[in-house]
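Following: one structure in structure tokens, then a few remarks.
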Amino acid sequence: MVKSACLVSSIILNLLFIINIYVGGQWKLSWSSKAAAEAEAVAAISCSGHGRAYLDGLVVDGNKPVCECNTCFTGPDCSQLIPDCAADAESGDPLFLEPFWMQHLTSSALVVAGWHRMSYSYDDKTFISKELEKLIRKLHAIVGNAVTENRFIIFGAGSTQVLNAATYALSLENTSSPTGIVASVPYYGLDKHQPEYFSSERFKFEGDAYTWRNRSDASTNVIEFVTSPNNPDGQLNKAILHGPNVKTIYDRAYYWPHFTPIPAPADEDLMVFTLTKLTGHAGSRFGWAVIKDETVFNRMITHMHLNSNGVSQDSQLRAFKLLKAVLEEGTEIFDFAYQTMKTRWERLSRTLSLSNRFSLQKIYPQYCTFYNKVRELSPAYAWLKCEREEDKDCSAVLKAANIIGRQGNAFGAEDHYVRLSLVRSQDDFDMLMERLNKLVSEEDGAKTM
């Protein structure tokens, strides 16, 4: 009788507890309420629209977060413009997507308990979230930019780690000569810098892929990096080399509808993608590869385990939440990003069309299966050329005009070229345009609108 009474009392107490935290059809927040309040308080700090405050940022006056200002702005609330500040168009920091996420706070917000995923691995003893993998496959199917059916997917700390794992997986072991790494000029600088930095006996950077086309030594093992769309010039590159001793790694970081038309789903043996250029979250360091061959997949898995024991589960959770939001919002992120990049390219093109000194890369509109129409241009970067013979160092020419770009030699090209990033914050782009307009207007013989 006593036991029955205790059981009834326990049930009643649990019911009262549940009723107490579930009010009006919604769960009443308990432990997460303080975390949510802190996040909202920081997000409400405007920083004059020229910076951001962060939960993990510096604090003053006890616990008040400090505004971290955009380039060329300063002051406690980032409201002061720094005179004669250089326009920074050097890095590929994709802050142009920040306004999109500020408009989608609810769908992208994340509150995590302190005990979340403390183990090295998931329940299936792997280092890969199966639910995140499902979202990635679904996203590729909806966008139509990659075939994932009957393919393997691996995660890495950004595309940087994935590319390195792919290089190790495709290079041969126990050979007398290292596998040659090549890429067509202008190439993404990491294609050269990673092999050189790791200085492995298994592979060695050998330069421009075009110089290998007519080589008589067809027995040499080669890995060709193909960045498509290309960084820096936005071209939809294809492999130069073919044959039984050639392996190809396709870097598809920019193969999304906001940077390029999608003529067809990519269907290469090994394709690398990154969250950075999809959602803009470069700091989350999350990338993935879609792989046809199981042996290559297993070699990459082994490399990841030995290199970092898998990818941070916190990064995977962040990616899961963001991709879920992307899918829930339909085409919104692609529409927003495409319009932003298209507008920036049009503004830049108009200004440089008045110049006799500078020119831009030629990219032609193509039919895009995602938008079901011929699509205008919206590349991530401007591949600018100084046309005057005396302007041998185009980067120096721009630097004199208070513009910071990335030199052509960083991409294996001549220094008549400079890459200008178009994916940074709106403040950065506006400052770039202000400096370029002034530079072009001061040309002898410059055209007028």
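The values are calculated or read from the model by the stated rules, or taken from the named source; none is laboratory data. Given the structure is predicted, the values throughout are model-derived calculations rather than measurements. All Cβ positions, even for glycine, are placed from backbone atoms using ideal geometry, and neighbour counts span all protein chains on display. With ligands, DNA and RNA removed, areas are computed over all heavy atoms of the protein, side chains included. Shrake-Rupley method; radii C 1.70, N 1.55, O 1.52, S 1.80 Å.
Some values worked out for this structure:
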| item | result |
| --- | --- |
| Exposed trypsin sites (Lys or Arg not before Pro) absent - longest run of the chain, DSSP non-H/G/I/E/B, at most 15 other C-beta within 10 Å | 29-116 |
| Total formal charge among the other residues, if their Cβ is under 10 angstrom from that of G412, Lys/Arg +1 and Asp/Glu -1 | -2 |
| Contour excess over end-to-end distance, with Cα ends at K342 and K64 and 0.36 nm allotted per residue | 96.3 nm |
| Choice from A36, A166, A253 showing the highest fluctuation, given a GNM over the chain with Cα pairs closer than 10 Å | A36 |
| Rounded tilt (10° steps) of 294-308 against the dominant C-alpha axis of the chain | 70 degrees |
| For region 125-263, the Rg and Dmax computed from alpha carbons only, in angstrom | 16.0, 48 |
| Under-5 Å amide H pairs with R375, H placed in peptide plane, nonlocal only | Q366, Y367, C368 |
| Cα centroid of region 43-108 to Cα centroid of region 289-325, whole Å | 31 Å |
| Percent RCO, i.e. relative contact order, over region 199-335, from Cα pairs under 8 Å lying at least 6 residues apart | 15 percent |
| D293 accessible area, 1.4 Å probe, all protein chains in place, Å² to nearest 10 | 70 Å² |
| Using θ = phi - 60° and Karplus 6.51 cos²θ - 1.76 cosθ + 1.60, couplings along region 30-47 (whole Hz; Gly, Pro as x) | 10, 5, 8, 5, 5, 4, 5, 5, 4, 5, 5, 5, 5, 5, 7, 6, 7, 6 |
| Mean ellipticity per residue at 222 nm, deg cm²/dmol - from DSSP H runs of n ≥ 4 across the chain, formula -39500 (n - 2.57) | -11000 deg cm²/dmol |
| Backbone N within region 183-213 under 18 Å of label point (7 Å from S308 Cα along the Cβ vector) | 190-191, 193-195, 197-198 |
| Accessible area of H242 in the full protein assembly, 1.4 Å probe (Å², nearest 10) | 150 Å² |
| J(HN,Hα) series, region 106-120, from Karplus relation 6.51 cos²θ - 1.76 cosθ + 1.60, nearest Hz, glycine and proline x | 5, 6, 9, 5, 9, 10, 10, 5, x, 9, 5, 6, 7, 6, 4 |
| Under 5 Å, built H, 5+ apart or other chain: amide partners of F73 | I82 |
| Amide hydrogen neighbours beyond the local backbone of I181, cut-off 5 Å, H modeled | K204, F205, E206, I223 |
| Karplus 3J(HN,Hα) series, Hz, for region 70-85 with 6.51 cos²θ - 1.76 cosθ + 1.60 (x for Gly, Pro) | 5, 3, 6, 10, 8, x, x, 10, 6, 8, 9, 7, 7, x, 6, 6 |
| For the chain, the fraction of alpha-carbon pairs in successive 10 Å shells from zero, as % | 4, 17, 26, 25, 16, 7, 3, 2, 1, 0, 0 |
| Net charge contributed by nearby residues that have their C-beta within less than 14 Å of D88 (K/R +1, D/E -1) | -2 |
| Calculated FRET efficiency for the pair E328/K373, C-beta based, R₀ 22 Å, to 0.05 | 0.35 |
| Ranking by accessible area, most exposed first, for I142, I136 with a 1.4 Å probe | I142, I136 |
| Calculated diffusion of region 280-382, Stokes-Einstein form, Kirkwood radius summed over Cα pairs, 20 °C and 1.002 mPa s, µm²/s | 122 µm²/s |
| Length-normalised contact order for region 94-211 - Cα pairs under 8 Å, 6+ apart - percent | 16 percent |
| Whole-number percent relative contact order across the chain, with pairs defined as alpha carbons under 8 Å at least 6 apart | 18 percent |
| Local electrostatic count, T167, Cβ distance below 10 Å [Lys/Arg +1, Asp/Glu -1] | +1 |
| Candidates L29, L58, L420, ranked by Gaussian network fluctuation over the chain, Cα under 10 Å, top entry | L29 |
| Gyration tensor over alpha-carbon atoms, region 297-348, equivalent ellipsoid semi-axes in Å | 34, 17, 9 |
| Nitroxide proxy distance, nm - points 7 Å out along Cα→Cβ at T211 and A396 | 2.4 nm |
